[in-house]
Structure formats: C-alpha cells, structure tokens
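Q: Okay, handing you the structure first.
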Amino acid sequence: MAAGTRNILPELEARGLVADVSNRDELGAALAAGDVPHYAGHDPTATSLHVGHLIPIVIQRRLQLAGHTPIAVVGGATGMIGDPSGRSSERNLLDQETLARNVVGIRAQLGRLLDFEPGPAAAVLTNNADWFAGVGFIDFLRDVGKHVTINYMLAKESVRSRLEDRDSGLSFTEFSYMLLQSWDFVVLSRERGCRLQVGGSDQWGNITAGIELCRKLGGAQLYGLTAPLLLDGSGAKMGKTSTGETVWLDAARTTPYAFYQYFVNVDDVLAPSLLKKFSFRPLDELDQIIAMHDADRGKRHCQRELARDVTRLVHGDDGLRRAEVATRLMFGGGLGELRDADLDPLAGEIGCTDVTRGELEAGIGVVDLLVRTGLTSSKGEARRLISQGGVSLGDERITAVDRNVTVADLGTESFLLVRSGKKHYRLVRAC
C-alpha cells in the first residue's frame, strides 16, 4: 500500500468515521510529520470477527494507506476477562482451548484485511497474552494499579452504566479490564512505538485510561480516536440479520452471498453513511452514487455499491463474484456462461441435490425430480405447479408433466438449475 496524504483526520471526519479524538491538532501534526504506529484490539470471543468489528479495521487500513503502521492486537489475555464496555451483562469466560482456537481464526482474518507484506508501514500482528503471561497479580497491582484511582475508573461511562444496573452489576473481573487494556497501550508504546489507539465509541473510556496511565508512568504522548458505533434504524448495534443471526466475516459461518445480501438490504436512510464509511472510493464519486440513490431509492444504488465494496474488502474479488452469481441465480437469472467452477462454491448457499450421470442419461421425470429436490412435497403438488406454469429448468418453462430431464438440460458441465415458483430454486448436480 502506497503512502498518501499522511494526515487523514479530515478524510476520516468527512466519511463519518470519527466520534471522539484526543488532542486533535497534536495528533494531526504527528500524522502529517511521519509514521504514527496505531493499534486496535480484538478479543477472541469467537472463531471469527463480525460486521461490528469492521469499522476500526477500516480506519487502520486507511491509516496504513496514508503511511502509518497498523498493529492488530488479538486479546488472548483480555479475552479471558471480557470487556464490560457497551454490554449489559458479563461475558461467559472461555477456556484456554477455546481461546486458542478463536485466536487462530481471528489472526487469519486480520491477515486478509490489512497488508502484512514486508515494506513501509507493514502491519504487525500480536497477542497481548505474550506480555501478560509473565506478569503476576501482585506485580500488576504494584506497577499498574497504584497509578489509576478508583474515582477515575468510576467516572468512565462503561463502568458507571453497569454499576447503576442493580440486576447485573459489575464483577471485579470485569472492573479490572480497563487496567489490562491500559497496560496494552503502554506496552505497545514502549515496544512498538505505538502512539494511537482506535476503536468504537464504547472504547473511549478504556482508551483515555491508557493515555493517562502512560502519562503517569512518564511515557510518550499517546492519542485516541473512536468511531461511531454501527447502529441500525432501531438504534441497536448492526451485525445481526432480521432473524437474529450474527453476520460473521468468516465465509464458513456467513457465506459471501448472505454477507452481500445483508448490506443490499440495509435501510435507505443508513445506506449513504455506510457507503462513505466502508468504501475506499473517492468521496466525490460516492456523492454521485448518493445523488442517484436519493433521486430513486427504489433502485437501491447505494445498497448495491455498498454491498459490492464491503464484500470485496472482506471476501476478495472471488468472494464478490460468488455473491453476485448467487444473487443473479436467486433473483431469476440463468446460468449463462457460468461453469462448474463458478457453481461448486454456491451449492451450499443455493441448495444442491446430487443425481448420478447415469440417471440423467436415462432420463428423470420432472415430477420425480421436483419431489426429490424438496421443491414440492408430493407428486400431486408437482403436477399442479407444472400445469400452472410455475416450474423452470434453467431458462425453460416446463409445461408437460411427463417431461424427462436429461443431460441435455445441464446448464454447465454438471449442473442444472430448477425453479419452483418465483422464490424457490435448487441446483441439481450430475455426479
């Protein structure tokens, strides 16, 4: 990634990526003067990050493009505690085996979202378990705890809001989290020259506590920058579908198609701001897309471009292609020039029924195939649907109930697409 204009604070603000920033003018001058190593932390509470984690990563990516070194911290130590910020209840504590598995998954994702190739501003990946492993409880209280007063911690919104909730309260374990994250910042400033921490706005209290701890220990001037939390139209955090399923960055947990569709379906009002946050296109180009969106929101210009840009960021060009192919098939498109290699990864997303090539060579009755694929529950239902013109093989509407499906109906080397009505479809694969 080539360095551009180093002080990108105005750019971040124009894109709606800044909620709070400490010592803005000083930070701007530091960014303009040279490389400002910066970090964002991710606790390994699952094997994958989710959509809610993307904004700090996007900020780091933008900073990296401007010539500043990103440090991605996987919280192997803090993940054992759980951050109370922005939560109404305590996290479940994870065992070492689960944490280790989660760390591996998150490391792999961060490696795709930031540039770790050797060169200027190459990203660094680290685990805070590396520096907490040898720290004893008494040593930590003596060297860190004595510099942070209870009064200071109680003044932080993340702590105060939980203390005011009589039902859940705040355990001492969670209360200590702020100290642990503060120490992360100090260690990274000493060992990596880190001067800036970025995160969501619910991290502001933890970030400023780290800045203050470093000052009391006689360290360098540190800075903090937070972005607004991603909220849906109801004010809840974004990152879950309408059915309550989390939108993961791992393709094995949320397919590229489902990921793409999540952003295609965001609210019209939210789409322009999300496009500016997530897209790496110039703002003037985005303004043109937003103008088209406002002129005719029914065409969902913003949503489509948003979905394209975010899916490409997370899943790469191949993931985007797969998502768009699946979208085309789901909404009435044919197989066109697609090949087996295009459809193999989509079998799990669209649904696939395997038949032997010998069966197709002999011919399978279309009524039997509809039942076999689960598109109809009975042969009678299949016959009625065909007579009503509701069944298609590829682009061909089927009108005869005695029609046989053969290898001549394959749309690719091995696949054919069967549709039942407007919204139900199934791939059939000849094996």
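The values are calculated or read from the model by the stated rules, or taken from the named source; none is laboratory data. Quick caveat: nothing in here was measured; it's all calculated off a predicted structure. Note that we place each Cβ from the backbone using ideal geometry, even for glycine, and neighbour counts take in every protein chain shown.
Q: At least 1 residues that are closer than 21 Å to Asn265 by Cα and touching a strand residue (DSSP E or B) at 6+ places or on another chain (Cβ under 8 Å) in each: list the helices (runs of 4 or more DSSP H) lying fully within the range 289-398 that qualify.
A: Hits in the range 289-398: 301-330, 347-350.
Q: Considering the range 35-65 alone, what residues qualify as being outside any helix (DSSP H, G or I) and at pLDDT 95 or above?
A: Correct list: Asp35, Val36, Pro37, His38, Tyr39, Ala40.
Q: While we're here: Among Gly193, Gly224, Gly210, Gly199, which is the only one that is surrounded by fewer than 20 Cβ atoms within 10 Å (Cβ to Cβ) and not aliphatic (A, V, I, L, M)?
A: Gly193
Q: Collect the residues in the range 166-190 that are among the β-branched types (Val, Ile, Thr) and either at pLDDT 90 or above or surrounded by 20 or more Cβ atoms within 10 Å (Cβ to Cβ) (or both), keeping them in residue-number order.
A: Passing the criteria: Val186, Val187.
Condition check ((1) surrounded by 17 or more Cβ atoms within 10 Å (Cβ to Cβ); (2) of a type outside the set (Ser, Thr, Tyr)) across all residues:
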site	(1), (2)
Asp368	no, yes
Ala382	yes, yes
Leu393	yes, yes
Ile398	yes, yes
Thr406	no, no
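Q: Follow-up. Looking at this structure, is Val418 farther than 20 Å from Asp344 by Cβ, surrounded by 15 or more Cβ atoms within 10 Å (Cβ to Cβ) and β-branched (Val, Ile, Thr)?
A: Against the criterion (farther than 20 Å from Asp344 by Cβ, surrounded by 15 or more Cβ atoms within 10 Å (Cβ to Cβ) and β-branched (Val, Ile, Thr)), Val418 does not qualify.
Q: Any residue at all in the range 175-194 that is under 28 Å from the mean Cα position of the chain (by Cα), closer than 16 Å to Asn23 by Cα and outside any loop (DSSP other than H, G, I, E, B)?
A: Checked against the condition, which is being under 28 Å from the mean Cα position of the chain (by Cα), closer than 16 Å to Asn23 by Cα and outside any loop (DSSP other than H, G, I, E, B), the range 175-194 yields no hits at all.
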